[in-house]
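This report concerns only the one structure given below.
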């Protein structure tokens with residue numbers, strides 16, 4: 001986050017010193033891509049001291065294809081087939097791409113990483129096969145997070161905001177990490193006048209966004225032209241999915257950082273980050289995905305005086 | 001667009017004629033008239049063509065389907081939305097029926113039925129229906145209590161609506 005602020009405040013060409021860098025995960029990769037994107041084609045960005053193994057990893061994740069950083073030494077060895085462990089960095093700029101992007105990521109993790117057969121016959125009772133049970137909670141979460149980013153990032157005049165996604169599986173610990181990062185307006189600006197926002201801080205905005213039914217455009221009249229109103233439960237449900245899959249969310253926006261593990265922990269950076277996009281990392285255990293039942297995770301806290309609404313289901 | 005007329009024997013032994021239409025949305029909309037009941041029309045909308053994998057998430061996919069639903073209801077038809085083989089996110093379902101309920105009230109659900117829904121989809125539909133119905137009722141109460149229109153330009157939100 002500090003680096004984000006420094007990069008955003010920098011003018012002219014940029015040299016990033018990554019000599020002390022030891023590890024990059026999908027969140028770091030997508031955040032860096034989102035940060036450097038506005039500079040592509042206009043300024044020169046160099047990373048001359050990037051360790052070889054990290055350069056190889058970033059090259060494998062297609063980072064340099066998206067962000068042409070100079071002075072990076074990339075090993076000339078053949079591209080390893082790592083489809084069973086990672087899903088390369090990709091950029092999503094339109095809502096029309098979101099379903100496909102969510103499906104591709106979820107499918108890669110569910111299929112390649114779990115060896116589940118997509119075409120296996122479904123279970124008669126549930127109608128799903130093993131692949132579906134791995135894929136479904138991931139695709140649901142990714143779809144909602146992508147939609148959130150593509151919708152809200154472009155408020156406050158940030159029409160050119162884009163979303164970066166990447167994913168990786170760590171087989172030694174059985175963990176899946178998925179990252180969705182946008183370079184839009186962040187969470188605080190759209191929620192600034194929301195009655196549920198206590199303090200006007202980035203941390204408070206993150207906490208408000210995690211609460212059910214908090215959205216900057218929940219009322220249809222408040223939606224911008226052509227925009228849909230949101231119920232404000234996408235991030236809430238995704239957080240519960242991560243928890244049900246024995247994981248958590250890490251959410252960053254502005255100078256605020258929030259972990260959803262346990263009862264939740266928030267931090268405010270001591271220095272202004274100078275970056276207002278939203279970065280979300282979803283971490284979960286691969287083997288816990290099939291047990292996630294989204295029907296049990298929807299916000300159930302409805303007002304007591306809500307009228308009974310009969311809905312007809314037929315088979 | 002194409003259309004054809006099929007004869008279908010329904011569960012109750014009724015012989016019905018059905019028009020099968022491909023729609024601009026890529027979905028399939030079937031209009032079934034019950035010969036015996038005569039005036040009753042039921043429109044069946046299948047969502048399977050909209051799925052990516054087995055999931056439908058995009059709000060923009062729901063908008064043309066909602067317009068088909070509104071058109072069918074305005075002609076006095078019942079609409080059956082078929083979720084056979086698909087899952088959906090809360091955002092999609094909200095765009096599909098939440099907007100209808102918010103604008104028309106929960107009574108619009110009397111003209112709707114949902115078919116072949118998984119447990120997840122049922123729960124999502126019920127959640128959206130209850131949540132948007134609650135919003136509709138509260139908005140009606142607020143409008144009754146304070147008849148002057150609320151000036152959104154002073155609330156810090158911008159809107160490009162005329």
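Bear in mind these aren't lab numbers, they're just calculated from the coordinates by the rules spelled out. Keep in mind the model is a prediction, meaning the values are calculated, not measured. Quick reminder, even Gly has a Cβ in these numbers, built from the backbone with ideal geometry, and neighbours come from all protein chains shown.
Tabulated results
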{"item": "Nearest-0.05 FRET efficiency for residue A:172 and residue A:10, computed from C-beta distance (R0 30 Å)", "result": "0.20"}
{"item": "Globularity ratio of the stretch A:156-215, using Cα Rg and 2.2 N^0.38 Å", "result": "1.46"}
{"item": "Ordering of B:64-74, A:241-251 by burial proxy (mean other Cβ atoms within 10 Å per residue, highest first)", "result": "A:241-251, B:64-74"}
{"item": "Shielding by partners, peptide B:130-136 (average Cβ within 10 angstrom, other chains)", "result": "6"}
{"item": "Within 10 Å of each Cβ in A:123-136, the average number of Cβ atoms from other chains", "result": "2"}
{"item": "Projected label distance in nm at residue A:43 and residue A:124, using a 7 Å step from Cα toward the beta-carbon", "result": "6.5 nm"}
{"item": "The stretch A:1-77 - convex hull of alpha carbons, volume per residue in Å³", "result": "87 Å³"}
{"item": "Shape call, the stretch A:122-181: gyration tensor on alpha carbons, a/c limit 1.5", "result": "oblate"}
{"item": "Euclidean distance between Cα centres, the stretch B:70-103 to the stretch A:2-69, Å", "result": "45 Å"}
